[in-house]
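The values are calculated or read from the model by the stated rules, or taken from the named source; none is laboratory data. Predicted, not measured: the structure shown is a model, and the values here were computed from it. As a convention, Cβ positions derive from the backbone with ideal geometry for all residues, glycine included, and neighbour counts pool all protein chains shown.
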Amino acid sequence: MNAEMLDELKKLAARAYAPYSHFPVAVLIRDRNGELARGVNVENASYGLTSCAERNAVFSFVASGFEKPAELFLYTETDSFTAPCGACRQVLMEFDPELSVTMINQSGEAKRVLISELVPLPFGPKDLDDVR
């Protein structure tokens with residue numbers, strides 16, 4: 001985690017739309033060529049329609065034509081580290097069980113895990129083999 005990336009994540013977090021939780025989240029996904037896709041959380045008064053930063057970044061990643069994510073950087077303005085929610089973990093597993101997830105707090109401290117460590121028994125394409 002370099003200072004430039006941390007600065008970009010902090011600026012990105014300022015764009016989050018979080019009027020209900022007051023919990024902005026910013027995500028950068030880097031592909032194997034170094035290209036970046038960005039995402040922030042976007043809340044809604046109908047809470048179930050809220051979209052997390054991680055999924056927004058994944059959707060941007062796909063829409064940009066990127067094929068294989070290499071790293072995900074997740075920033076929150078907290079003292080602790082924030083992991084992706086369950087729904088986001090499932091979406092991230094779809095793309096690469098060995099995806100590197102780096103959680104960054106407001107001090108710039110980082111903790112890295114693999115998405116497979118966060119989702120030990122995932123549902124995936126192999127689970128659909130019997131129904132095809």
Quiz item: Any residue in segment 117-125 that is of a type outside the set (A, V, I, L, M), at pLDDT 95 or above and in a loop (DSSP other than H, G, I, E, B)?
Solution: no
Quiz item: Which condition breaks for Lys11 when tested against (1) in a helix (DSSP H, G or I); (2) of a type outside the set (Asp, Glu); (3) surrounded by 13 or more Cβ atoms within 10 Å (Cβ to Cβ)?
Solution: (3)
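Conditions tested, residue by residue: (1) modelled with pLDDT of 95 or more; (2) assigned to a strand (DSSP E or B); (3) within 12 Å of the chain's Cα centre (by Cα); (4) over 22 Å from Glu109 (Cα atoms).
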position	(1), (2), (3), (4)
Arg38	yes, yes, yes, no
Ala45	yes, no, no, yes
Arg55	yes, no, yes, yes
Glu67	no, no, no, yes
Leu72	yes, yes, yes, no
Tyr75	yes, yes, yes, no
Practice problem: Could you look through segment 1-36, keep only residues that are farther than 15 Å from Ser60 by Cα and basic (Lys, Arg), and pick out the one that is modelled with the lowest pLDDT? | Solution: Arg32
Self-check item: Residue list for segment 87-109, restricted to those being in contact with a helix residue (DSSP H, G or I) (Cβ under 9 Å, 6 or more places away or on another chain) and either part of a strand (DSSP E or B) or under 18 Å from Phe23 (Cβ atoms) (or both)
Solution: Ala87, Cys88, Arg89, Ser100, Val101, Ile104, Gln106
Quiz item: Is segment 56-67 home to any residue that is among the acidic types (Asp, Glu), touching a residue at least 24 places away in the same chain (Cβ under 8 Å), closer than 23 Å to Phe123 by Cβ and out of contact with any strand residue (DSSP E or B) (no Cβ under 9 Å at 6 or more places or on another chain)?
Solution: no
